[in-house]
Every structure is written in C-alpha cells, then in structure tokens.
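Trainee: I'd like to ask some things about the structure below.
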Amino acid sequence: MVFKKMLAAFGVGGPSVDTVLDTPAVQPGGFIDGHVHVQGGDRDARIEHVALSLVTRVEVERAGFDREAGLELTRTSVADHFTVRAGTTESIPFRLAVPWEAPITNVYGQHLRGMVMGVRTELEITGGRDKGDLDPVSITPLPAHQAVLDAFAELGFRFKHADVEHGRLHGVPQQLPIYQEIEFWPPQQYAGRVNEVELTFATNPGGVEVILEFDKRGGMFRPSQDMVSRFSIGHDGVDGTNWTALVDSWVRQATDRHFTAMQSAQGYGHGGYGQGGHGGYGHPGQQGHGRRGMGMGTVVAAGAAGIVGGLVAGEIIDEVFEDDGGGEDFGDFE
C-alpha cells in the first residue's frame, strides 16, 4: 500500500511524503519493511526527523463509558536532521518490528471488520510537524493461532465480533497494555452450556497463552456466570496435534467444571473447582485459581468453514486516527 499526502502543515509548495510497505502483511514477532520517500517541494526544506509507528484502535473505559482511541504499539526513528532539496526525492529504507502481542487483523485471507492497524509516518520539519495518513497493514495468525482458529471453525463456532481492549490480563505477563478478544457464538453441541465464547491470544517468543472466557447460561433461579480458563501452546508444538479434539476438550472441561461447582454449591454434587470463585484460569487437567470472569468484552476471528461471518510511549494517542478535519480516519479499514 502507498499513501501520498501534501504536508498541509508546511503550506503549498512544501515537501510531500510517500510511504511504501514492502511487507503489507506480517505475523506477530515479524518485521514490516519498506521505504519512506520524501519529495522536495518548490524550495529546500530542513527535515528534523522521520519516525514510523504501528498504531491500532482500542476500546478504552473512562468514567464508566467506553470510547475508541488510537494506540501506538511500537515506534522507530528512521532518519534525523537532513535537507531535502527542491525538486529532489530522498528515499529512506526502514524496518519496523511488530510486537508479539500485536492483535490479528486478517484470518483466512479476510479482514476482520472492526480491526484497524496501520503504519503512521511522522515527519517534522523546521516550523511544523505532520503525521500523515495511516498506511494499512495486515497482521496474520502464527501457526499456533491458526491451529486454534481452525479448530473453532471445525467445531462449528460462528464468529460474532472482534476488538482490542485497553487493559491487562490477570496473571499473564504482557509487554503491551492491550488484549484482543475474539467472540464466537457456540454450535448446537454446546447448547445449554454456554451463551458465547471469547478467545484471547497472549503471545510471546516462546509460545501462546490461550485464554477462553465462557458466558455460562443461567438457570431459572441463578444468573448467567462468566468463567475463564487458560491453556499454553509452544510455537514448536503445533504439528501432530488433533486441535479440533483438544479445543473441544478445553470447552467441555471448563463447562463441566463449572457445572460440577454449581451442583456442589446447591448441594447436588461433590467438591468445587479451584479455591473459590467462578471460572479460574487453568491448564489442561488442572483446576482454576479462583479468578472470576474478566469481563473481557468482545474479540477476534473469522474464517474457513463459515467462521468469518507496548504502548511504547506509555500513553494513549487520541489524535492518532484523526484526519485534518478532526474526524476518525477509519474508512480504509472497514
């Protein structure tokens, strides 16, 4: 993808910038390569710096209300202190690292509606600064992600919604204060057990933590409950596993555990699970740790069998998606 925008902050006749991505699709932990072409206008211009950032849209809760904001996941400086002569072009190569925790935006070749990801070019010239437009980039699943998504598709789960939340997961090491949620409607075989399933991947260089949150159906005399389970996958442990059977066991294990706990609480069964609370994190064969459902909201995923259906700077960048008129520049991603 290419964008070209006259740098309005510098007036008519000022420099313009093209950012060209050689890798418009990349996996978490990979690199986005490309070139920034700075073209001189009708007069020489002193460029103070050129920087690139990977930005996404997140849901942020403030004062009890949810709002959307732009978030910078990572940032790199590609050039500093040079002059672009009138009528000439400076071509600057770059490599931008993609965080392991970057949310997925494309599955089975389909863009996940609602997900926004792009490279923002920022150019500062003496007397002004311009952030340019977003150059869209696709984040595609790693093999471990794909294996789980394929299993959900095979089991008949239907994609509902995807988004990125601002916050941290309980007990999960994170570099970025965000997590992506992939929300599914359950198939018929889980009817009466769960209303919906939310899938979150917490990825690191060694593997993936798979976090499942289930909205358990309530009964006539009890409200619906949320429950959470957590499982680990190594990047080198994807091949040779029947993922459909494994994910099915994850879902049934969690819901069975919850059902047993509910029976026990009502005097119909024996023993609970974990050390109190509903829906703890757990690994296969283990019981939860007394953590209630995180209220993780909605999330990602879509696909084949009808399933498609760091904050490095330490702050949220409210204007990161704003265009010159102050509106949200999301059109290219819908």
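Trainee: What distance in nm separates the two pseudo spin-label positions at SER232 and THR23, each 7 Å out from Cα along the beta-carbon direction?
Mentor: Label-label distance for SER232 and THR23, simple model: 2.8 nm.
Trainee: With θ set to phi - 60° and the Karplus curve 6.51 cos²θ - 1.76 cosθ + 1.60, what are the ³J(HN,Hα) couplings of the range 74-91 in order, to the nearest whole Hz, using x for Gly and Pro?
Mentor: Result, rounded to whole Hz: 7, 8, 9, 8, 10, 6, 9, 6, 9, 10, 9, 6, 4, x, 10, 10, 9, 9.
Trainee: Here is a follow-up. What list do you get for ARG46, ARG75 if you sort them by fewest beta carbons within 10 Å?
Mentor: Numbers: ARG46 12, ARG75 16.
Lowest count first: ARG46, ARG75.
Trainee: Starting from the range 140-175, pick out the trypsin sites (Lys or Arg not before Pro) whose DSSP state is loop and whose Cβ has at most 16 other Cβ atoms within 10 Å. The partial results should precede the final answer.
Mentor: On the way: sites: ARG158, LYS160, ARG168; in loops: ARG168.
Loop-located and lightly packed - ARG168.
Trainee: Once the other residues with Cβ under 15 Å from the Cβ of GLN175 are scored (Lys, Arg +1; Asp, Glu -1), what is the net sum? It would help to have the intermediate numbers written out before the result.
Mentor: Working: positive: ARG75, ARG168; negative: GLU72, GLU101, GLU209.
Neighbour charge sum, excluding GLN175 itself: -1.
Trainee: Could you tell me the largest-minus-smallest coordinate of the C-alpha atoms of the range 36-192 on each of the three principal axes, in descending order and whole angstroms?
Mentor: Principal axes ranked by extent give 70, 38, 26 Å for the Cα atoms.
Trainee: Ranked by Cβ crowding within 10 angstrom, fewest neighbours first, how are PHE214, PHE152 ordered?
Mentor: On the way: PHE214 24, PHE152 27.
The fewest-first ordering by Cβ neighbours comes to PHE214, PHE152.
Trainee: Would you order ARG113, ARG57 from fewest to most other beta-carbon atoms within 10 Å of each residue's own beta-carbon?
Mentor: Working: ARG113 13, ARG57 22.
Result, fewest neighbours first: ARG113, ARG57.
Trainee: Quick one: length gained pulling HIS49 to ARG129 fully straight, 0.36 nm per residue minus the C-alpha distance? Don't skip to the end; give the middle numbers.
Mentor: Details: separation 80, 0.36 × 80 = 28.80 nm, distance 0.95 nm.
Net length gain for the segment: 27.9 nm.
Trainee: Say each of ALA97 and THR83 gets a label point 7 Å from the Cα, pointing the same way as Cα to Cβ; how far apart are those two points in nm?
Mentor: My value for the distance between the label points is 3.5 nm.
Each value in this text was obtained by applying a stated rule to the coordinates, not by laboratory testing. For clarity, every value in this text was computed on a predicted model and none was experimentally measured. Don't worry about glycine lacking a Cβ; one is built from the backbone with ideal geometry, like all the others, and counts go over all protein chains shown.
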